[in-house]
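A short write-up of the structure that comes next.
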Amino acid sequence: MEILVVEDEPPLAEQVCRSLSLAGHTVQKAADGPSGLQWVLSARFDLVVLDVNLPGFDGFELLARIRAGRFPVRVLMLTARSEVGDRVAGLKGGADDYLTKPFAMEELLARVAVLGRRTNTVEATSVLQVGDLCMDTDKRRVNRGAEKIELSPREFEILQILMREPGRAFSRDEICERIWEREHEYDTRTVEIFIMRLRKKLDRAHEESIIRTIRSVGYMMPPSQ
Ligand code: CA
């Protein structure tokens, strides 16, 4: 499986990653909430092993964002022995399983193996919906109501970023960094041009744009009701 380990304690993170790699998994590591989210947004994982207490924002917040974005990924939470409330909160928040610290690596590998077989726990949906705007990320199709909308690859990527987290405002810089991650030269005005083009295509039959401008922040999709 492709596994992302989000854990801020270096020795434990090392140990977990090593055990998972030895068991044949491909492992990626993140040490805080924001970089964990960055990985989830930029690559496809089968499983996230997620610690609760993390710098930046914690495991619950990251779990909430993963579920809000409807990423088809399973989540195994690592909770502290004393915090019964953490386990309940984790499972209510959409975690597939939890493991209390400290745990034996055999136990972790056993849980991971079970989660690997349990493929139907997460709805592997690739369809994002905001109002009457619908995006199928697998088929790379976008519809607004009954109207099919043709987008360029870049337009598609930018729209996908916004639609994954409706209700959250993205700055032009953040959009740039996500799209042009490995290209050093970019200009935030480029984002404005793409948003303009997206609006032209998406809002043809509408007075108000579905992409909201949040003054002195950036752009946002309306939160779902
Ligand atoms: Ca921690």
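Express the accessible area of segment 127-220 per residue in Å², computed with a 1.4 Å probe while the remaining protein chains stay in the model.
About 59 Å² of surface per residue is accessible.
Could you please state how large a percent of the accessible area of the chain is carbon and sulfur, counting protein chains only and using a 1.4 Å probe?
Solvent-exposed carbon and sulfur of the chain make up 49 percent of the total.
Roughly what % of DSSP beta bridges within the chain run antiparallel, to the nearest 5?
45 percent
With Rg and the Kirkwood Rh both taken from Cα atoms, where does Rg over Rh land for segment 127-220?
Result for segment 127-220 is an Rg/Rh of 0.94.
Would you report the distance distribution of C-alpha pairs in the chain as whole percents per 10 angstrom bin, up to the bin with the largest distance?
Calculated over all Cα pairs of the chain, the distribution is 7, 31, 31, 20, 9, 1 percent.
Heavy atoms only, 1.4 Å probe, whole protein assembly: order H206, H25 by accessible area, highest first.
H206, H25
Just the number please: accessible area per residue for segment 2-116, 1.4 Å probe, all protein chains included, in Å².
44 Å²
If you build a Gaussian network model of the chain, linking Cα atoms that sit under 10 Å apart, which residue out of D51, D136, D187 swings the most?
In the Gaussian network model the winner is D187.
Report the Rg/Rh value for segment 2-116, based on alpha-carbon coordinates and the Kirkwood definition of Rh.
0.91
Mind telling me which of L91, L99, L22 comes out most flexible in a GNM of the chain, alpha-carbon contacts under 10 Å?
Between L91, L99, L22, it is L22 that shows the largest mean-square fluctuation.
Pick from I179, I161, I193: which is most flexible by mean-square fluctuation in a GNM of the chain where alpha carbon atoms under 10 Å apart are linked?
Maximum among the listed residues: I193.
The values are calculated or read from the model by the stated rules, or taken from the named source; none is laboratory data. Just so we're clear, the structure is a prediction, and the values are computed from it rather than from any experiment. Ligands, DNA and RNA are excluded from the accessible area calculation, which covers all protein heavy atoms including side chains. Shrake-Rupley method; radii C 1.70, N 1.55, O 1.52, S 1.80 Å.
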